């Protein structure tokens, strides 16, 4: 083989390698519009990061405060936008066994409290001073029989109380008057066996009034519109964009869906319109920025709040998106 032919062969091989590398880079580089996140801090007091596991929380975008309820002691701690504790209440036991909390449109706290299957919704100001209990009215006969809510969401004048195990949702106005209800097991057309063998873990309501929730045993997240139309997404697997054991779900003001993968220790991001995968953040690790079994999620402005286990507290990430 002549020197010229050898040079041409090597040049051709080099061009093929460069083309392959270019294609690989195009496949693996972040696409335009993808979402990324940077770890900022953990919610803290003057002693450092506050240790807690799988807490419940609610965000007040107007005051830029986040309210964290710890089921282990039924206290509520209030943090500012910089992640520092401002105030705490509930350590006197007057709020009972707190299952969840949310904020109404007037800056008041609604606290879901109960023992066993019974429950009550306590109305309090933003520093925990009780203003009374919600009285439910106009409910269909027997509606509360066997209904034990463990999740509560307020959105635009409407309160949603969710029994995640029974997959039922009670919807009322601000005063507790019945508006409608959802039997999500029936809406999803689950068999009786699948109803018994499954439970909702993550649940929220977005600005469109859509119900967003996850059912880990089906490796799926769901969007149910007010007229009961169902969309779902999720594929079992451990690679990016697939689900393993999933937990909380939330949406932000830009229309992105965030789903916590409790086993993979990441938060995956999707576009609500077409469920296209936009990236993930977090990783299994004990250092700052790592996550251990992430569960509940909350969004406020450009930040995502993530609860986790092993007393790792609440990690806060800043979201960047084109």
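The values are calculated or read from the model by the stated rules, or taken from the named source; none is laboratory data. Keep in mind that this is a model prediction, so the values were computed, not measured. Glycine also receives a Cβ, built like all others from the backbone with ideal geometry; neighbour counts cover every protein chain displayed.
Every residue in segment 179-198 that is out of contact with any strand residue (DSSP E or B) (no Cβ under 7 Å at 6 or more places or on another chain) and either surrounded by fewer than 17 Cβ atoms within 10 Å (Cβ to Cβ) or farther than 23 Å from residue 260 by Cα (or both), please.
Those that are out of contact with any strand residue (DSSP E or B) (no Cβ under 7 Å at 6 or more places or on another chain) and either surrounded by fewer than 17 Cβ atoms within 10 Å (Cβ to Cβ) or farther than 23 Å from residue 260 by Cα (or both): 186, 189, 190, 191, 192, 193, 194, 196, 197.
Could you grab me the full set of residues in segment 199-213 that are buried (at least 18 other Cβ atoms within 10 Å of the Cβ) and farther than 23 Å from residue 302 by Cα?
Of everything in segment 199-213, those that are buried (at least 18 other Cβ atoms within 10 Å of the Cβ) and farther than 23 Å from residue 302 by Cα turn out to be 200, 201.
Tell me, which strands (runs of 3 or more DSSP E) wholly within segment 94-136 include 3 or more residues that are closer than 24 Å to residue 64 by Cα and at pLDDT 90 or above?
Here the list reads 98-103, 109-115, 118-124.
Let's see how each residue does on (1) exposed (fewer than 14 other Cβ atoms within 10 Å of the Cβ); (2) in contact with a strand residue (DSSP E or B) (Cβ under 7 Å, 6 or more places away or on another chain):
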position: 100; (1), (2): no, yes
position: 109; (1), (2): no, yes
position: 122; (1), (2): no, yes
position: 127; (1), (2): yes, yes
position: 133; (1), (2): yes, yes
position: 136; (1), (2): no, yes
position: 142; (1), (2): yes, no
position: 145; (1), (2): yes, no
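If the requirement is being under 14 Å from the mean Cα position of the chain (by Cα) and at pLDDT below 95, which of these qualifies: 252, 206?
252
What are the residues in segment 139-161 that are assigned to a strand (DSSP E or B) and farther than 14 Å from residue 224 by Cα, if any?
Once the filter is applied, which keeps residues that are assigned to a strand (DSSP E or B) and farther than 14 Å from residue 224 by Cα, segment 139-161 yields 151, 152, 153, 154, 155, 158, 159, 161.
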